[in-house]
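The values are calculated or read from the model by the stated rules, or taken from the named source; none is laboratory data. Small disclaimer: the values here were computed from a predicted structure and weren't measured. Cβ sites come from the backbone with ideal geometry, for glycine too, and all protein chains shown count toward neighbours. Protein only, heavy atoms only, side chains kept; ligands, DNA and RNA dropped before computing areas. Shrake-Rupley method; radii C 1.70, N 1.55, O 1.52, S 1.80 Å.
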Amino acid sequence: MRLPKTCVYAIQASLYLVLQRPARRYVPIGVIARDLKISPHFLTKVLQALTANHVLTSYRGPNGGVGLAAAPEDITLMQIIGAFDNGDIFDNCLLGLPGCGKLKPCPVHEYWEQMRMRLRQAFQATTLANMALNVENGTLRLASIDLVFSPLSREDNRKQPTSGRSKNRD
């Protein structure tokens, strides 16, 4: 079993947003696409689906982009995958056989049914905060390239909306 690219990119982009917090509320899609080496056009469609499913929010304008719709602790892997899955992962036969079920099971039906339950539980229990912590600690990687995360990308040092406090206060 392999997650579709839409799910993979959605997870990567969502984690990227977590790792940009708190310095950036909204990150331009082009910056995310560049850093994750994803087509900006395809990523835009992926992020639109996450926005439609209330995982992300978007903001237009010069300081715009996408941001998380909730705290990373409140966004689960299941919510992200659910924006794209349509039941394929959790409802369909692993071998793709039509009509597979308890009455006419495929050779791996019983095993896959148990694994699906475990996967569903794991995806519901795993939050962006959990995964981001492991990325920050270096125990998980975010993409097929090594990324070094700093609050602001050197190449994209545009001003972000702030809370009104000066960054230079001691």
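When you scan segment 86-132, how many residues do you find that are among the charged types (D, E, K, R) and over 30 Å from Leu68 (Cα atoms)? The total comes to 4.
In the set (1) farther than 21 Å from Thr127 by Cβ; (2) touching a Ser or Thr at 6+ places or on another chain (Cβ under 7 Å), Ile80 fails one condition alone, (1). Take the conditions (1) open to solvent by 100 Å² or more (accessible area, probe 1.4 Å); (2) at pLDDT below 90; Ala143 misses just one of them, which is (1).
Restricted to segment 68-87, and to residues there that are of a type outside the set (A, V, I, L, M) and within 10 Å of the chain's Cα centre (by Cα), the residue that is farthest from Cys7 (Cα to Cα) is Thr76. Within segment 100-130, the set of residues being among the small types (Gly, Ala, Ser), in contact (Cβ under 8 Å) with a residue 40 or more places away in the chain and either in contact with a Pro (Cβ under 7 Å, 6 or more places away or on another chain) or over 26 Å from Arg141 (Cα atoms) (or both) comprises Ala129 only.
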